[in-house]
Amino acid sequence: MVTMPAAPPPERIISATTAIAALTGDDNQTRYYAAWWLGKHQIQAAVTFLCEALQDERYRTEQGGYPLRRQAARALGQLKNPQAVPALLAALSCPEDLRLREAVVQALGAIGDRQAIPALIQLLKSDSEQPYEMLIEALGTLQAWEARPLVEPFLQYQSERVQCAAARYLYLLTQETPYIERIIKNLSHENMYLRWAAAFDLGAIGHLVAAEAIINAKVGNSLKLLNLKRILEAALTKNETEETAKPEDCQVLLAAIDGLIIEKQQLVGEIDWQLENLNNVQLIAHLSKSVNPLQVAAIIQILTARKATMAIAALLEILHHHHPAISNAAVAGLVALAPDSVEPLIAAFETAQDHGVQAYIVQALAQIGDERSLDLLIKIVGVEVANHCQGTIRRVAARGLGKIGSQSQNPAIIQPAIDKLNWGLLYAEDWALRYAAALSLGEIGTKAAQTCLQQALAQETDEVVQIRIQTSLVVCQS
């Protein structure tokens, strides 16, 4: 279950000491935030305190739920410390709070200690309502194959997400194709949340067969990146122990991740003679009124083929459109009209109040790779903005710096790009930003870029980022 972090409390939590102190304090919201902070920063010293919070009675909702207990369970799942298992198993006995049991089950699955299996099986046998999706997923993660007779009936359960969890468990057990096909089918489901759940199921399975389905799924790039990363990690592990993953398979996954860091939009529209007979002013008038994505793309194709720079203002305006296909078509048009579109794009970014519009602008500037956008892209990579698209916008900006640095012959342009990418590679918390920085440094390929990559390789702990750094070094040296 995806949860949003709590709002920061009035008291500043800036260290493990202050967070643990806050967890045992009097303000419930501060305690909740402290539990989130300790999990996010993986403070192992907090295990005992978080286990105590699993029995908290002070923070309880009118409906009977225990918010602090839930957050403590999630944090313990992030710590993955087996010492927490007895306390988590004890917390399963709380009958009033289904969401607490869900958080506890998820934590037990994340920790991976098989002593949890009997308790989880007992929950699955229970006549009372249970978090079946999470239960079945945890049993699959723990390889509790003795639960198969209990899991199989859930293939017919009323919830499609629970059905997918059962299919995931049975595929992990049997490796039989129909089970994975059942999950892949949900990637095209009309329900967005089912598509998301299917992507996570396929990522957890870690099978290369699922990669192509995820790449083509109607889910966001961040979700694709996360689950392709999980599949690549599984492939790398198999390559070391089972010798079943081929190096070329890993390269295919790397290439897919590379492409998703900055996805280029293509104009595919239905052009007819009536549109082609219109002059540019008439086309721009149609552009501002049309709600048909194919027609918008067709109009933009004609305008960009004519190098109609007078259309730039209209394209910037339709970046605000609620239909993503129309906004994406505008991005492609602005890229095609470069370099004339660069200054208007930069100016539009500075005045835009909508983070989504800013993200589209950065996407266009990154694809263009014009030196005039260097300072803006550097600023975006180096500043964390508190909004949902911060990860994507920073990764895209990093790729833009790679394009600028690889195309320029001016050391005054190349070095600042390298410096900011080096900062991202060494210090960014987001794995995908570090990945994007490594990819861009490899694209620049200078001696200075190689030095940055070599230094980062010595400290990088994420195996997917490691393999991207290694691949970028090979590119630099070839």
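The values are calculated or read from the model by the stated rules, or taken from the named source; none is laboratory data. All of these numbers come straight from a predicted model, not from anything done at the bench. Cβ placement follows ideal geometry from the backbone for every residue including glycine, while neighbour counts extend to all protein chains displayed.
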note = Going through segment 328-345 in order, the residues found to be part of a helix (DSSP H, G or I), among the aliphatic types (A, V, I, L, M) and touching a helix residue (DSSP H, G or I) at 6+ places or on another chain (Cβ under 6 Å) are Ala329, Ala330, Val331, Leu334, Val335, Ala336, Val342, Leu345
task = Working only within segment 93-122, note down all residues that are in contact (Cβ under 8 Å) with a residue 24 or more places away in the chain, surrounded by fewer than 20 Cβ atoms within 10 Å (Cβ to Cβ) and over 25 Å from the mean Cα position of the chain (by Cα).
result = Cys94, Pro95, Glu96, Leu98, Asp113, Arg114, Gln115, Ile117, Ala119, Ile121
inquiry  = Gln29 - would you say it is more than 29 Å from Glu129 (Cα to Cα) and of a type in the set (S, T, N, Q)?
reply    = no
ask   = Of the residues that sit in segment 291-325 and are in a loop (DSSP other than H, G, I, E, B) and more than 29 Å from the chain's Cα centre (by Cα), which one is surrounded by the most Cβ atoms within 10 Å (Cβ to Cβ)?
value = Ala308
note = Counted residues in segment 285-300 being modelled with pLDDT under 85 and among the β-branched types (Val, Ile, Thr) come to 1
key: Subset of segment 403-430 that is over 21 Å from Ala255 (Cα atoms) and of a type in the set (Gly, Ala, Ser) - its residue that is surrounded by the most Cβ atoms within 10 Å (Cβ to Cβ)   = Ala417
request  = For segment 377-399, indicate whether the set of residues that are crowded, with 22+ Cβ neighbours inside 10 Å, out of contact with any His (no Cβ under 9 Å at 6 or more places or on another chain) and under 21 Å from Val474 (Cα atoms) is non-empty.
outcome  = yes
query = Looking at (1) over 23 Å from the mean Cα position of the chain (by Cα); (2) in a helix (DSSP H, G or I), can you tell me which one Ala211 breaks?
reply = (1)
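Residues checked against (1) assigned by TED's automatic domain parsing to the domain that holds Leu68; (2) under 23 Å from Ala35 (Cβ atoms); (3) part of a helix (DSSP H, G or I); (4) of a type in the set (Phe, Trp, Tyr):
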{"residue": "Pro95", "(1), (2), (3), (4)": "yes, yes, no, no"}
{"residue": "Leu100", "(1), (2), (3), (4)": "yes, yes, yes, no"}
{"residue": "Ala103", "(1), (2), (3), (4)": "yes, yes, yes, no"}
{"residue": "Leu123", "(1), (2), (3), (4)": "no, no, yes, no"}
{"residue": "Ile136", "(1), (2), (3), (4)": "no, no, yes, no"}
{"residue": "Glu146", "(1), (2), (3), (4)": "no, no, yes, no"}
{"residue": "Glu152", "(1), (2), (3), (4)": "no, no, yes, no"}
{"residue": "Arg161", "(1), (2), (3), (4)": "no, no, yes, no"}
{"residue": "Ala165", "(1), (2), (3), (4)": "no, no, yes, no"}
inquiry  = Of all residues being within 22 Å of the chain's Cα centre (by Cα) and surrounded by fewer than 16 Cβ atoms within 10 Å (Cβ to Cβ) in segment 431-465, which is nearest to Ala235 (Cα to Cα)? Just the residue, please.
reply    = Glu463
key: Selected residue (only one of Arg394, Arg372 is among the basic types (Lys, Arg) and modelled with pLDDT of 95 or more)   = Arg372
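So which residues in segment 328-348 are over 13 Å from Ala366 (Cα atoms) and not aliphatic (A, V, I, L, M)?
Of everything in segment 328-348, those that are over 13 Å from Ala366 (Cα atoms) and not aliphatic (A, V, I, L, M) turn out to be Asn328, Gly333, Asp340, Glu343, Pro344.
Specify which of the listed residues (Leu425, Leu376) is out of contact with any Lys or Arg (no Cβ under 7 Å at 6 or more places or on another chain) and aliphatic (A, V, I, L, M).
After applying the criteria, what remains is Leu376.
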query = Failed condition for Glu343, given (1) surrounded by 14 or more Cβ atoms within 10 Å (Cβ to Cβ); (2) at pLDDT 95 or above, with all others met?
reply = (1)
request  = Hey, could you check segment 326-340 for residues that are touching a Ser or Thr at 6+ places or on another chain (Cβ under 7 Å) and surrounded by 22 or more Cβ atoms within 10 Å (Cβ to Cβ) and say which is farthest from Ser408 (Cα to Cα)?
outcome  = Gly333
